[in-house]
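Presented below is the structure to which this report refers.
Nothing in this text is a laboratory measurement; each read-out follows from the coordinates by a stated rule. The model shown is predicted, which means the values in this text are computed figures rather than measured ones. All Cβ positions, glycine included, derive from the backbone under ideal geometry; neighbour counts span all protein chains shown.
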Amino acid sequence: MNKFNRKKLFFAVLLIGFAILGRYLLLEVPNVETMTAAILLAGALLGGAYTLIVPLAAVAIFDLFYGNSSILIFTWSAWAIIGFFGLVLKGRTKSAWKFTAGLTGMGMVASLFFYFWTNFGVWLIGNWYPKTTNGLLNCFLAGVPFLKWQIIGNLILVPVSGLAFHFLFEKIRMAKLKLLFIPTPRTSHPSKRG
């Protein structure tokens, strides 16, 4: 494994840890979590297999200790798809501010997608709502308070963590470049030797 792959792996582990720790620390606030930010960052900064590895590892580790519900397939698949939302931003801009603005926009898209997809799962799998159009609409209406908190959380957590992790990622990336361009000691020209 080359140095850059090790650095990418290290960064992925940081994102997984950030997602899990933030979700744990914010358990008392419904749908406010760092998972969205970490998953979007995995897609946007790391890309490739990390687009799926980070979300699935983060949610699997968290659920191992705290469990999930009957809509597990909908929550897990939502997090995986949100990783691809982040991938849309990969390589778009090097400016931290533009990157963060794009990431925040994707955070809003991710909030809406997660809301519609998981509420559809609640309606489809659960027994709380009749399997009718009205039942589905009532399910969506019941989820609006959770959506509100998720949007508020993502409007704060995505840009703050986006800026911080973008800065850290650039530092790691530049450290890689410095390793590649180590200056060699200069020897004097043969004609100047005494």
Query raised in the report: Stretched out fully, how many nm does the piece from Thr132 to Leu27 gain, at 0.36 nm a residue minus the Cα gap?
Result: 34.6 nm
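For the stretch 3-173, what relative contact order do you get, as a whole percent, if you take Cα pairs closer than 8 Å and at least 6 residues apart?
Numbers: 228 pairs, mean separation 47.5, N = 171.
Reported as a whole number, the value is 28 percent.
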**Report entry** Cβ-derived FRET efficiency at R0 41 Å, Lys7 paired with Ile73, nearest 0.05
**Finding:** 0.80
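When you count, for each residue, the other Cβ atoms within 10 Å and take the mean per peptide, how do 165-174, 64-73 rank with the highest first? If you can, show how the numbers build up before the last one.
Numbers: 165-174: 15.5, 64-73: 12.0.
Per-residue Cβ counts within 10 Å, averaged per peptide and sorted highest first, yield 165-174, 64-73.
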Query raised in the report: Just Thr133, Thr34, Thr51 to compare: in a GNM of the chain, with alpha carbon springs under 10 Å, which one fluctuates most?
Result: Thr133
Report summary line: Scalar couplings 3J(HN,Hα) for the stretch 60-68 by Karplus 6.51 cos²θ - 1.76 cosθ + 1.60 (θ = phi - 60°), nearest whole Hz, x for Gly and Pro, are 5, 5, 4, 5, 4, 9, 10, x, 9
Report summary line: Summing -39500 (n - 2.57) over every DSSP H run of at least 4 residues in the chain and dividing by its residue count gives a helix-only mean residue ellipticity at 222 nm, to the nearest 500 deg cm²/dmol, of -25500 deg cm²/dmol
Report task. Report the extension gain between Val88 and Arg173 in nm, rounded to one decimal, defined as 0.36 nm multiplied by the number of residues separating them, less their alpha carbon distance. Result -> 28.6 nm
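State the extension gain, in nm to one decimal, for the chain segment bounded by Asp63 and Ala49, taking 0.36 nm per residue of separation less the distance between their alpha-carbons. Can you show the working numbers first?
Values: separation 14, 0.36 × 14 = 5.04 nm, distance 2.11 nm.
Computed gain between Asp63 and Ala49 is 2.9 nm.
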